[in-house]
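Trainee: Sharing a structure below in structure tokens format, with a few things to ask.
The values are calculated or read from the model by the stated rules, or taken from the named source; none is laboratory data. The structure presented is a predicted model; accordingly, all values stated were derived computationally and were not measured. All Cβ positions, even for glycine, are placed from backbone atoms using ideal geometry, and neighbour counts span all protein chains on display. To get the accessible areas, we keep the full protein, side chains included, count just its heavy atoms, and leave off ligands, DNA and RNA. Shrake-Rupley method; radii C 1.70, N 1.55, O 1.52, S 1.80 Å.
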Amino acid sequence: MKFSTMTERELRFAFQELDSKSEIPLVDAGKCRHELDWLYGINLSRLLTESALRQGRGYVTLSTGRVQGPTLGFVVEREEEISCFVPVPFWTISATITHNGKTFTLEYEKDKIASQAEAKGICDECRDVLLEVKTIESREIQQQPPYPFDLSSLQSEAYRHFGYSPARTLAFAERLYLDALISYPRTSSQKLPPDIGYSEILQSIASHTDYRPLVAKLITRGDIRPNNGPKDDPAHPAIFPTGEYPKRPTSGGEARLYDLISRRFMATFADSSVKTSSRIILNHNNRRFFLSGSRIVRLGWIEYYGPYAFDDSEPLPNLRIGDIAMVQDIKSIEKFTQPPYRYNPSSLLKKMEDANIGTKATRAGMIDLLYARGYVREERMRASELANKVTDTLSTYCPLIIDPSFTATLERLMQDIQDGTASRRGVLVEALEHLRPVMLSLAENEQEIGSRLSEVIVAQKAADVTFDTPCPKCGLKLAVVRSRGTGKRFIGCNGKWQTGCNFTLPLPQFGNLTLLTRRCNVCGFQMVQARSRGRRPLVSCPRCYATKTRKTKLGSNTGKIPSQISAGVPSVT
Ligand SMILES: [Zn+2]
Ligand SMILES: [Zn+2]
């Protein structure tokens, strides 16, 4: 039975239209994927773990695999780029003018000035001078409506607007799918075929009062067609709302995601938006300054996508050619070129997709696994020492495993099985031929690999629980400890045995705890993050939290309710 939504109508229809075509190639491709993951993942992970375990310094699960190796490789490589980066100074010019009581910021014609002397010269020359409007350039920009959602564009929009990790978005989407509210989310298609019934769905989602006027507007147009994107998926269409009415109350996250999907659905049928973009060019001698702005002249799809549309319009002063404006304030600002950004879960997922490693169904889970293994830390993913060592070991002894092009080759072979041009057996034999020498070379060097890895494991275990900020009472190190009696974790002072220091701070009890590099804005203490599966990580300052709870207790004694208690540990992500 083939279906993409769990609505009664489609299930009944699919059952009547049972497909008699053989799907054996699809089954074989699926099986082969599991077998390859098993062969690579199990063998390599076990070898890494055991080689370290044999050193007798404690157990840590180390893993790698066909997809995991290259994915971690991206993060490690980025970390290297950042550490090798040498910032170069440059200067920018910031100037303002005032027109009808409003201040506008000008751009200087060169956005990067290489020397301080040159920047200073420009500022001196243009201080308090009159600028004359020489030219006004205007052009119209049409922006096409967005494509229907495939899984990865849904994940990146949900990350941008709600901060949900890709895994969390997928979990919410799956619940909406099981409730028959949206179509199957694990799709890479950006196309909506006509047989889903565009206007029937639109009319059904109009039962939601927020959407009613929008749907009414769309329906009046004769021709309803989505702005289909280039990506396709043989198994499922793009993600769309089914138009079913929720049978149970949806949670906050599910409701938000449903709104995003419904608005995206409406938006893709709407007109393009039109925006006028203008640039006013002002002169003094041969120095040129720009004032740029834009204004929406036709909302089009933006009206339907509503809060999720990015509004970059910028008002411009009503200046005409020949008008004069005085420079109010001009200064040069020293800046530095910036290293590339660290990945976040959303951009890493995009990178995996671009490199064609993993599948739409598995990528989000793989990213969660990197956190669980202690390979990456924090929202802006920082590779741990352990991750560097594992990647370094693999690239020394078996570079093939972390080479994304090798994984992409296997991915293509699986596509060939699906298309019936390769056999499962043939692909497995080929993969084994690659794997065998890799395993042999690793096994030969097992002892050396083990001692390299176990060193870092021991160091990382200690570093993971030790704070950089010293004990405010005695100046020695603070660390995460567990109470023998209650099993609860808290921050204790290493000076306990030497100086008798009894300084402690409370910690959140749930989730995977990470000591962040970030410091608290208020007190300078090192922030911590508690990350629970499928939830937004909770970031807090243990010191401020302790002060706050103390105040709360005080408040209840005097019968007053302090205003800041409700949230508990503050979430500042
Ligand atoms: Zn102390
Ligand atoms: Zn603080």
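Trainee: Taking the stretch 129-155 as the region of interest, how many residues are open to solvent by 70 Å² or more (accessible area, probe 1.4 Å) and in a strand (DSSP E or B)?
Mentor: Of the residues in that region, 8 qualify.
Trainee: I would also like to ask the following. Take GLN564 and tell me if it is modelled with pLDDT under 80 and within 12 Å of ligand 1 (Cβ to nearest atom).
Mentor: no
Trainee: Still on this structure, please answer the following. Considering the stretch 288-314 alone, what residues qualify as being free of Cβ contacts under 8 Å to residues at least 40 places away in the same chain and open to solvent by 50 Å² or more (accessible area, probe 1.4 Å)?
Mentor: Residues satisfying the conditions are ARG295, ILE296, ARG298, LEU299, PHE310, ASP311, ASP312, GLU314.
Trainee: OK, next. Only one of these is open to solvent by less than 10 Å² (accessible area, probe 1.4 Å), assigned to a loop (DSSP other than H, G, I, E, B) and either touching an Asp or Glu at 6+ places or on another chain (Cβ under 9 Å) or acidic (Asp, Glu) (or both): GLY69, GLY65. Name it.
Mentor: GLY65
Trainee: Also, I was wondering about something else. Would you mention how many residues in the stretch 78-104 are charged (D, E, K, R), open to solvent by 60 Å² or more (accessible area, probe 1.4 Å) and part of a helix (DSSP H, G or I)?
Mentor: So the count comes out to 2.
Trainee: For the stretch 484-533, which positions are under 30 Å from the mean Cα position of the chain (by Cα) and of a type in the set (S, T, N, Q)?
Mentor: GLN509, ASN512, THR514, THR517, ASN521, GLN526, GLN529, SER532
Trainee: Another question, then. Which of (1) assigned to a loop (DSSP other than H, G, I, E, B); (2) within 15 Å of THR169 (Cα to Cα); (3) open to solvent by 50 Å² or more (accessible area, probe 1.4 Å) is the odd one out, the single condition LYS350 does not satisfy?
Mentor: (1)
Trainee: Just checking, does the stretch 247-258 include any residue being out of contact with any His (no Cβ under 8 Å at 6 or more places or on another chain), part of a loop (DSSP other than H, G, I, E, B) and under 26 Å from ILE93 (Cα atoms)?
Mentor: Among the residues of the stretch 247-258, not one is out of contact with any His (no Cβ under 8 Å at 6 or more places or on another chain), part of a loop (DSSP other than H, G, I, E, B) and under 26 Å from ILE93 (Cα atoms), which makes the answer no.
Trainee: Could you count how many residues in the stretch 372-426 are among the polar types (S, T, N, Q) and closer than 25 Å to ALA52 by Cβ?
Mentor: Total meeting the criteria: 7.
Trainee: Within the stretch 178-194, identify whether any single residue is closer than 15 Å to ARG363 by Cβ, in a helix (DSSP H, G or I) and among the β-branched types (Val, Ile, Thr), and answer yes or no.
Mentor: no
Trainee: If the requirement is being touching a Phe, Trp or Tyr at 6+ places or on another chain (Cβ under 8 Å) and of a type in the set (S, T, N, Q), which of these qualifies: THR499, THR486, THR469?
Mentor: THR469
Trainee: Right, another one. Only one of LEU386, LEU369 is over 19 Å from the mean Cα position of the chain (by Cα) and either free of Cβ contacts under 8 Å to residues at least 24 places away in the same chain or crowded, with 16+ Cβ neighbours inside 10 Å (or both). Can you tell me which?
Mentor: Step by step, each of LEU386, LEU369 is checked, and only LEU386 is over 19 Å from the mean Cα position of the chain (by Cα) and either free of Cβ contacts under 8 Å to residues at least 24 places away in the same chain or crowded, with 16+ Cβ neighbours inside 10 Å (or both).
Trainee: Just one of ALA216, ALA270 is crowded, with 21+ Cβ neighbours inside 10 Å, among the small types (Gly, Ala, Ser) and over 23 Å from the mean Cα position of the chain (by Cα); which is it?
Mentor: Of the residues listed, the single one that is crowded, with 21+ Cβ neighbours inside 10 Å, among the small types (Gly, Ala, Ser) and over 23 Å from the mean Cα position of the chain (by Cα) is ALA270.
Trainee: Is it true that some residue in the stretch 449-469 is open to solvent by 60 Å² or more (accessible area, probe 1.4 Å) and over 28 Å from ARG57 (Cβ atoms)?
Mentor: no
Trainee: Still on this model: Looking only at residues that are basic (Lys, Arg) and more than 34 Å from the chain's Cα centre (by Cα) in the stretch 1-36, which one is least open to solvent (accessible area, probe 1.4 Å)?
Mentor: Within the stretch 1-36, the match that is least open to solvent (accessible area, probe 1.4 Å) is LYS21.
Trainee: Cβ-Cβ distance below 7 Å, separation of 6 or more or different chains: which pairs start in the stretch 3-21 with a residue that is at pLDDT 90 or above and end on one that is open to solvent by 100 Å² or more (accessible area, probe 1.4 Å)?
Mentor: Cβ pairs passing all conditions: MET6/LEU178; ALA14/MET1; ALA14/LYS2; PHE15/MET1.
Trainee: Looking at the stretch 392-427, which of the residues that are more than 30 Å from VAL76 (Cα to Cα), of a type outside the set (A, V, I, L, M, F, W, C) and modelled with pLDDT of 90 or more is most open to solvent (accessible area, probe 1.4 Å)?
Mentor: Result: ARG425.
Trainee: I need a count of the residues in the stretch 327-355 that are touching a Gly at 6+ places or on another chain (Cβ under 6 Å) and of a type in the set (Phe, Trp, Tyr).
Mentor: Going through the stretch 327-355 one residue at a time, the tally reaches 0.
Trainee: Scanning the stretch 515-533 for residues that are open to solvent by less than 20 Å² (accessible area, probe 1.4 Å) and polar (S, T, N, Q), which turns out farthest from ligand 2 (Cβ to nearest atom)?
Mentor: Only one residue tops the list, namely GLN529.
Trainee: Please enumerate the residues belonging to the stretch 534-555 that are near ligand 2 (Cβ under 9 Å from one of its atoms) and either closer than 30 Å to PRO166 by Cα or modelled with pLDDT under 80 (or both).
Mentor: Within the stretch 534-555, SER540, CYS541, PRO542, TYR545 qualify.
Trainee: Does LEU47 fit the bill of being closer than 18 Å to LYS389 by Cβ and within 30 Å of the chain's Cα centre (by Cα)?
Mentor: no
Trainee: Among what's in the stretch 37-46 and is free of Cβ contacts under 8 Å to residues at least 60 places away in the same chain and under 23 Å from ALA361 (Cα atoms), pick the residue that is most open to solvent (accessible area, probe 1.4 Å).
Mentor: TRP38
Trainee: One residue is enough: does the stretch 222-236 have a residue meeting the conditions touching a helix residue (DSSP H, G or I) at 6+ places or on another chain (Cβ under 6 Å) and either part of a helix (DSSP H, G or I) or hydrophobic (A, V, I, L, M, F, W, C) (or both)?
Mentor: Yes: the stretch 222-236 contains one or more residues that are touching a helix residue (DSSP H, G or I) at 6+ places or on another chain (Cβ under 6 Å) and either part of a helix (DSSP H, G or I) or hydrophobic (A, V, I, L, M, F, W, C) (or both).
Trainee: Additional query: Among the residues in the stretch 493-505, are any within 28 Å of GLY253 (Cβ to Cβ), open to solvent by less than 20 Å² (accessible area, probe 1.4 Å) and at pLDDT 85 or above?
Mentor: No, every residue in the stretch 493-505 fails to be within 28 Å of GLY253 (Cβ to Cβ), open to solvent by less than 20 Å² (accessible area, probe 1.4 Å) and at pLDDT 85 or above.
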